[in-house]
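Here's the structure, in C-alpha cells; my notes come after.
What follows is calculated from the coordinates using simple rules that are stated; it is not laboratory data. Please read these numbers as outputs of a predicted model, since none were measured by experiment.
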Amino acid sequence: MKSAQIPPASSAGATRPRTGTEAYLNHPTFGLLYRVCCIDDQRELFSTLYAQRLFFVVTSTPEGFQFDPVGRSDSRILLEHRLRNLRRTGDSPAEYNQLQVVYKQTFQ
C-alpha cells in the first residue's frame, strides 16, 4: 500500500485531538479511522473503526495529513514503545492506564 496525502480542505473536521479524547479521521479509501494513540507531536496511530485490522501512521503537517499504512505487528511495536515511554517518564498515569486497556483490547 502507498501512503496518501490529504490536503487540509479534504480533512474537514479532522483536528489535532487532545490526549484522553476519542478522535476520528475519514480515510479516502478505508473510511472512518479511530485514533489508537499518539506516537509523538506530529504522528498518531490510527486503525479502521470496525475491523481493527488495518493500521495507519497519520502525520499532520501544515499541508495536510499523510496516511502511511503499517502492519499489525509494527502497530503493536509502536504502541508498546509509547507505553514504555509513558511508564519511564511517569508524566501521565491516566494515559498509561488507558493505553494499557487499548493495547489489551486491540492486540490480545
Length released on extending from residue 91 to residue 73, taking residue separation times 0.36 nm less the Cα-Cα span | 3.8 nm
Amide H within-cut-off set for residue 37, under 5 Å, with H built and near neighbours excluded | 45
